[in-house]
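These notes are about the structure you will find just below.
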Amino acid sequence: MYVNRETVEATGLSPALKRELWGWALLAVGSLAIAGLAAPLLGISRAPGVEKVIKADLNELLYWALVPHVVFSFVVWFVAVLGAMTVVATAAANRPPRLGSAGPAGLIAATSGALLLLLPTLASMGYPSINNYVPVLVHPVYYVGLGLIGLGVGLAVARMLSLAGGLGDELGFGIAMCGGAYLVAMLCFGLAWAQLPADDAFDAANLNERLFWGGGHVLQFVNTGLMLTLWHVIATRLLGEAPLPRSIYRLTMAMLLVFVLPAPLFYFMFDVMGVGHRNAFTDLLWYGLTLPPVVMSAGVAALLWRRRGSLPWRHPAFVALALSLVMFNIGGLFGFFLGVSDTRTPSHYHAVIGGVNLAAIGAFALLFLPLLGRPFRQGRAVLAMVWLYGIGQLLWSGGMFIAGAAGVPRKTAGAEQHLDALGTLGMGISGSAHLVAIAGGVMFIWLALGRLLAKERIDG
């Protein structure tokens, strides 16, 4: 069952919930806009031969651009989309939640946290730590900002979960599983923080790596769950048929939560600074995050094949679904061929993340903006933005994979990349495709902000 417009209207998407949905959607798109300001610097700093033109420390430039780009485009963006999805699920539950005030409070906290992240970035406070999952600027204000975002989304999740049995439809069930996994991730971050050593034996980069390692792994279950839920919702709504039977869908989504439930125990079984702790979360991701996407991918692909003669290619949400399916699975395939600290690693996770991004773009086209009474206007620009982002990101990942196979190291820039002919080819493809993906992203931000900031009332 899809939560269609009639269902949401019948359950009462109240003016208060509309304002909340608008706030989360604006936070999500706004975070992408901030991340987009840093994106060109990333491409420029790694372009072949740029060290001959720009006489500066390109690695320092890369690091200062990388932190806000990753945090706003891969952390704030995703959790804000989760916040918006909790509002949709709450509205469709057909009864008031027990923790009604937690929703607005969560939005205020998360927005305040995002604003706090900007202060060290704009004022050059602290220094960049390029650790996995949540790179940071090492400064107290930055950590407070991250904490407020985590708390804010947690409150929105708690409000939704307080509905318990009211989350009976497929969208509500899927987002409930994502919300449960999100709370597990927050617990992991808290346990890691409590167990970090207080002495000076480890530098900040090493401490941050351990702080965000476990919870960062669990957040990948959340992001994947968001994508799988949206695949199911978009396919069901636009094709009139669910890609998976109800029982299999629910089992698939439940697996995402079940697999991460033991994660907090790792903090009591292994030293947070030890190899065992690190390997435990690596294995959790490898074994726990394989089957659910495979099952859902097979269901969606089979549905698309059955309907191949009548697919709605002119609907942006469908194009987002199709490209998301391709990109995520190519990224998963790249994951079987990772090297040691070369660019095949970012080629893998950028393709996977690109798949999640496209599903989220589909959510704006099919859910968020229509529910606010501000759908995308029909036209070539909306379709073009999806195609440009999807194809650009796919070619970017392919170029990085080629470069990584040639031994180009990750997180380096300029002459330190030691590019040979194959590496130059790969980075050249990536640099060009990066501009295409940026163009698609800029178009999405422009079009989505245009609808969100239109003069129409959202609480009527």
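The values are calculated or read from the model by the stated rules, or taken from the named source; none is laboratory data. The model shown is predicted, which means the values in this text are computed figures rather than measured ones. Every residue, glycine as well, gets a Cβ built from its backbone with ideal geometry; the counts of neighbours run over all protein chains shown. The area values use the complete protein model at the heavy-atom level, side chains included, leaving out ligands, DNA and RNA. Shrake-Rupley method; radii C 1.70, N 1.55, O 1.52, S 1.80 Å.
Worth a mention:
- Relative packing of 310-320, 179-189, 80-90, which averages over residues the other C-beta atoms within 10 Å, highest first: 80-90, 179-189, 310-320
- FRET efficiency, 1/(1 + (r/R0)^6) with R0 51 Å, evaluated for Leu122 and Ala302 via beta carbons: 0.55
- Summed residue charge, Cβ within 13 Å of Ala242's Cβ, Lys/Arg positive, Asp/Glu negative: +2
- Largest first, the residues Tyr267, Tyr349 sort by 1.4 Å accessible area into Tyr349, Tyr267.
- For segment 193-296, alpha-carbon Rg over 2.2 N^0.38 Å: 1.35
- Projected over every direction and averaged, the convex hull enclosing the alpha-carbon atoms of the chain yields 21.2 nm².
- Efficiency of FRET from Cβ geometry, Ala16 and Trp446, R₀ 22 Å, rounded to 0.05: 0.20
- The alpha carbon convex hull volume per residue for segment 365-410 rounds to 85 Å³.
- Mean separation of Cα pairs under 8 Å and 6 or more residues apart, divided by the residue count, gives the chain a relative contact order of 18 percent.
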